[in-house]
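One structure is given here, and the rest of the page talks about it.
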Amino acid sequence: MDDDKTQKAISRGARAKALLDNDLLSESFDKLEGNYLDAWKATSPLQTDVREKLWVAFQLVGKMREQLRTVVDGGKIAQAELNRAISLEKSKTR
């Protein structure tokens, strides 16, 4: 990974972590999941289309969290690669 891509991944990871750590965003995700699940539970057996759409919406909230975690993990990997490269450079100059 080149330096620009590494720095970009580290920055994106930090921003994604800040979003995941944000109480308001976390509360919003939780509220959406709860609302979708409650609405899904309140449907009648004949409302298959409505239930399907609500289930998809519920699942999408989880996918959004998962995507942010993936970006955080990518940032951690990029940081580890950068740290390893710095250590190698330091060991070469000794």
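The values are calculated or read from the model by the stated rules, or taken from the named source; none is laboratory data. In this text, all values refer to a predicted model and were calculated from it rather than measured experimentally. Note that we place each Cβ from the backbone using ideal geometry, even for glycine, and neighbour counts take in every protein chain shown. Accessible surface areas use protein heavy atoms only, side chains included; no ligands, DNA or RNA. Shrake-Rupley method; radii C 1.70, N 1.55, O 1.52, S 1.80 Å.
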Practice task
Among the residues of segment 74-94, write down those that are part of a helix (DSSP H, G or I), farther than 17 Å from Lys17 by Cβ and among the β-branched types (Val, Ile, Thr).
Solution key: Ile86
Completion exercise
Those residues of segment 74-94 that are modelled with pLDDT of 95 or more and farther than 27 Å from Ala14 by Cβ come to a total of 0
Exercise for the section: For Lys8, state whether it is closer than 29 Å to Ala78 by Cα and surrounded by 14 or more Cβ atoms within 10 Å (Cβ to Cβ). Expected result: yes
Problem - Subset of segment 72-89 [out of contact with any Ser or Thr (no Cβ under 7 Å at 6 or more places or on another chain) and touching a residue at least 60 places away in the same chain (Cβ under 8 Å)] - result: Asp73, Gly74, Gly75, Lys76, Ile77, Gln79
Handout entry: Of all residues in segment 14-34 being under 11 Å from Arg65 (Cα atoms) and touching a Gly at 6+ places or on another chain (Cβ under 8 Å), the one that is least open to solvent (accessible area, probe 1.4 Å)
Key = Ala16
Practice task
Please work out which residue is least open to solvent (accessible area, probe 1.4 Å), limiting yourself to segment 35-73 and to residues that are modelled with pLDDT of 95 or more and in a loop (DSSP other than H, G, I, E, B).
Solution key: Thr43
